Every structure is written in structure tokens, then in C-alpha cells.
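Report on one structure; see the data block that follows.
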Amino acid sequence: MKVKLERTFAVPAPVEQAWQLLRDLERVTACMPGARITERSDDRHYKGTVAVKLGPASMAFRGELEVLALEPATRTLHLIGKGTDATGGSAAAMDLTARVEALDAASCNLIGRSEVSLSGKAAAFGGRMAESVAEQVLRQFAANFAAALSAAAPAAGADGAAAAALAAAPPTQLNGLALLWGVLLGWLRSLFGLRGA
């Protein structure tokens, strides 16, 4: 099963500051709910984990990330990732392109386009629910990205201190309540044709 999404989020930070964060894969991974880089092979290849907890149930994926492109001219990051859960009952692959575009001197847009392929137990949600799950993950990522930029803003002149502060921050776990709410809304929309959130 495949899920494709393209979303734009406003970020209250200058575009160059947002680009500095976006091009640092280890720092930007810390913004992804439940994600963590565990090994860096080189500037393009990484290994890591993603943990998702929903009430008493949890899934932990181990996998690899490869940076396909990092384009300063367009402030664009393109990467692919793949992994399996600890039991081997689920697999996931992702193709992600993210870029930042200036809105004005103090703000920018974070634009993300992703295609996620799921198999096994992870695909059990079905098409519409999987899209709601992906939507919630993207929203939490954008909120964490903006928060990381806000935390680094006072130390804008001290890049080392800002990077250390972001690296020290523990990864935020995927918000199971928000995720379930998104899944429920998606299911209700599919049943009754509801619009809006």
C-alpha cells in the first residue's frame, strides 16, 4: 500500500535559519516523532530507529536512510529510507523531498512531499486511515521543526551552542492521542463524506 502526501507549513523563522536545520540530517531527524539516528556511515548514509506507541501497543522500526540530494540553490533535501519492525511483521519505505521557501525576512514555508509504502501489519489501517496517520506525523514534525528553530533563535550567532542544544533534546515520541484522533476523523470522513477537521 502506498500513501502520497504534499503539505506546506508556515515556519516563524528566516529561511536561511530553517535551511541550516533542514540540511543537518541528525538535527532534523530529532524533529521527527519517535525517530533517532543510531549510526552515521558517511555524509549520505545513516542507520536509525523509529518508535511509535499507541496506548499499550508499540512498533519499533530499524532501517537505513540515504540522502539523494542536498541542493543549496533551491534549499531542498531529498532522501529515501527503508526499514522493518523488530518482529519482521511490517516493512516501510519512504521517499521524501523537503524544501524551505522564504515568505518574508522573518518567516518561511516548509514544504514536504512524501511517498510511503507499507506492508504487513503496518498496512492494516487501510488507505484512508494510513493517510490520516501520515498527516498527523507530518503535523507533529512541522511543530517540532518550528520549536527547534525557536529554541536556536537566541543563539543564532553561536551555531555550535544552537546545534548542541538541538542535539541534546530528546526525540519526541509520536503523539498517540493525536494520531488516533486523526485516524478516527479519517474513518468518519470516509463513512459520511465529512469535510474539515
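Read-outs: derived from the displayed coordinates by stated rules, not from any lab. Remember, it's a predicted structure, so these values are computed and weren't measured experimentally. Here the Cβ positions follow ideal geometry from the backbone for every residue, glycine too, while neighbour counts run over all protein chains shown.
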With each label point set 7 Å from Cα along the Cα-Cβ vector, what nm distance links Ile111 and Glu26?
3.0
Within 10 Å, count the other beta carbons around each residue, average over each peptide in 134-144, 109-119, and list them highest first.
134-144, 109-119
Evaluate the distance, in nm, between pseudo-label points positioned 7 Å from the Cα of Met1 and of Ser119 along their respective Cα→Cβ axes.
1.5
Taking a label point 7 Å from the Cα of Asp43 along the Cα→Cβ vector, which residues of the range 65-104 have an amide N closer than 13 Å to it?
67-72
